[in-house]
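The values are calculated or read from the model by the stated rules, or taken from the named source; none is laboratory data. None of these values were measured; they are calculated from a predicted model. Reconstructed Cβ throughout: ideal geometry from the backbone, glycine too, with neighbour counts over all protein chains shown.
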Amino acid sequence: MAETESALQAIENGLAALGTRFRDAFAKAENEQALRVEQAKVLGKKGELTAVLGLLKGVLPADRPAAGARINVFKEQVEQAFSQRLKEIHRQARDAELSALPFDLSLPGRTELGRGHLHPVAQTRDALLAIFRDLGFAVGAGPEVELEANNFTKLAFPPDHPATDMQDSFWVDVAGAQPGARTLLRTHTSAVQIREMSSHRPPMAVVSAGSVFRRDDDLTHSPMFHQIEGFMVDEGVSFAHLKAVVGAFAERLYGPGTPVRFRPSYFPFVEPGAEVDAGCAFCVRPDGSHAGCRVCKQSGWLELLGCGMIHPDVLRHCGIDSEKYTGFAFGLGIDRVAMLRYGIPNIRLLFENDPRFLSQF
Ligand code: DAH
């Protein structure tokens with residue numbers, strides 16, 4: 001008898017303790033998963049109630065149904081508390097959803113056709129032009145079929161320069177052209193310098209982008225490719241201005257702190273002329289040194305552009321007083337920057353216009 005008494009008492013105590021614990025735990029559960037975990041701790045096979053059920057062994061058989069019923073009532077209480085808290089959790093989640101930023105009912109629906117976008121070369125061209133516009137350059141343009149004078153002669157190319165050869169350039173006959181005025185697909189955007197300097201007076205700072213054409217065709221050369229040309233003419237323009245503009249451009253393109261180096265080089269329309277490399281943005285370490293990588297062929301430098309001080313002859317060819325004015329010019333390939341920017345290994349991919357390729361950009 002006494003045994004039964006104390007077993008019943010132990011069950012009562014167990015249930016009382018469990019009762020406080022689960023109510024507390026359920027109230028603290030913040031989501032459905034946490035709540036289910038708490039419920040399992042009470043009602044699960046290895047749960048706390050199973051331990052209390054074990055105490056039934058100490059209860060006389062005659063008293064067991066009453067004790068079992070008592071435990072069942074407790075179980076129902078747990079289940080009731082569980083479903084109540086679950087409802088609460090769902091309501092809270094729904095309330096949070098409703099009071100969150102509303103979704104936009106006016107958004108257009110999905111359509112069958114994907115939306116198009118600019119070609120990666122056009123995206124790169126626009127990004128590069130934007131940098132120069134920010135630096136104060138105006139944007140000019142010139143035709144793709146150009147006069148020999150603008151493409152070569154006024155840029156001080158000697159008549160026997162290899163670029164002027166039939167093998168290197170696409171010479172074209174234009175119906176109705178002035179006799180003796182030879183025309184070709186422009187081999188570079190430098191011709192825009194001549195057009196702009198012949199039609200405007202300094203001070204001037206102009207950039208221009210577009211297609212250029214050369215008889216070249218391999219993994220890294222396409223007979224049609226793209227360039228950006230820029231120049232600035234005013235009184236007192238010096239190489240220091242050129243360095244400042246090129247340095248600012250490199251930093252905006254490849255990140256703050258990107259170094260540039262000038263290597264002496266030759267272009268007929270500039271003197272002195274230089275080729276500029278920028279520190280490789282692909283293997284630069286936090287301290288500014290370079291690890292060396294495949295992109296920069298372990299050199300730590302990437303070719304960026306050609307540039308120089310505009311040759312006085314070129315200014316004169318455009319009717320600009322070369323005693324009074326000086327200027328700098330630069331030119332760079334857009335396609336190469338696009339290939340680096342997007343990790344494109346073969347220039348041809350850019351011009352095959354395969355949608356499976358283009359849709360990746
Ligand atoms: N026109 C040159 C080319 O096609 C690039 C160039 C070099 C442009 C030096 C310039 C310059 O304005 O100053 O390779």
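When residue 206 is tested against the conditions (1) within 14 Å of the ligand (Cβ to nearest atom); (2) among the β-branched types (Val, Ile, Thr); (3) under 25 Å from the mean Cα position of the chain (by Cα), the lone failure is (3).
Taking the stretch 106-143 as the range and being buried (at least 17 other Cβ atoms within 10 Å of the Cβ) and either out of contact with any helix residue (DSSP H, G or I) (no Cβ under 9 Å at 6 or more places or on another chain) or assigned to a loop (DSSP other than H, G, I, E, B) (or both) as the test, the residues that pass are 129, 137, 142.
Out of all the residues in the stretch 218-236, which are under 29 Å from the mean Cα position of the chain (by Cα) and either farther than 18 Å from residue 331 by Cα or not aromatic (Phe, Trp, Tyr) (or both)? I'd like the intermediate steps shown before the answer.
If we filter the stretch 218-236 for residues that are under 29 Å from the mean Cα position of the chain (by Cα), which is where we start, we get 218-231.
If the condition is that a residue be under 29 Å from the mean Cα position of the chain (by Cα) and either farther than 18 Å from residue 331 by Cα or not aromatic (Phe, Trp, Tyr) (or both), then 218, 219, 220, 221, 222, 223, 224, 226, 227, 228, 229, 230 are the ones that fit.
Conditions (1) assigned to a strand (DSSP E or B); (2) buried (at least 16 other Cβ atoms within 10 Å of the Cβ), marked per residue:
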{"position": "278", "(1), (2)": "yes, yes"}
{"position": "281", "(1), (2)": "no, yes"}
{"position": "295", "(1), (2)": "no, no"}
{"position": "314", "(1), (2)": "no, yes"}
{"position": "331", "(1), (2)": "yes, yes"}
{"position": "346", "(1), (2)": "no, no"}
{"position": "350", "(1), (2)": "no, yes"}
{"position": "356", "(1), (2)": "no, no"}
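Put simply, of 212, 206 the only residue that is crowded, with 18+ Cβ neighbours inside 10 Å, touching a Gly at 6+ places or on another chain (Cβ under 7 Å) and assigned to a strand (DSSP E or B) is 206.
Pairs meeting the criteria (first residue in the stretch 185-200 and without any contact (Cβ under 8 Å) to a residue 40 or more places away in the chain, second residue near the ligand (Cβ under 9 Å from one of its atoms), beta carbons under 7 Å, at least 6 apart or on different chains) are 187/163; 187/212; 187/214.
Just to confirm my filter: which helices (runs of 4 or more DSSP H) fall fully inside the stretch 2-80 and include at least 3 residues that are over 28 Å from residue 93 (Cβ atoms)? Please lay out each step first, then the result.
On the way: elements: 2-28, 32-43, 48-54.
It comes to 2-28, 48-54.
Under the condition of being within 13 Å of the ligand (Cβ to nearest atom), part of a loop (DSSP other than H, G, I, E, B) and touching a Phe, Trp or Tyr at 6+ places or on another chain (Cβ under 7 Å), the residues counted in the stretch 218-236 number 0. Exactly one residue out of 316, 336 is assigned by TED's automatic domain parsing to the domain that holds residue 257 and either in contact with a Leu (Cβ under 6 Å, 6 or more places away or on another chain) or away from the ligand (no atom under 16 Å from the Cβ) (or both): that is 316.
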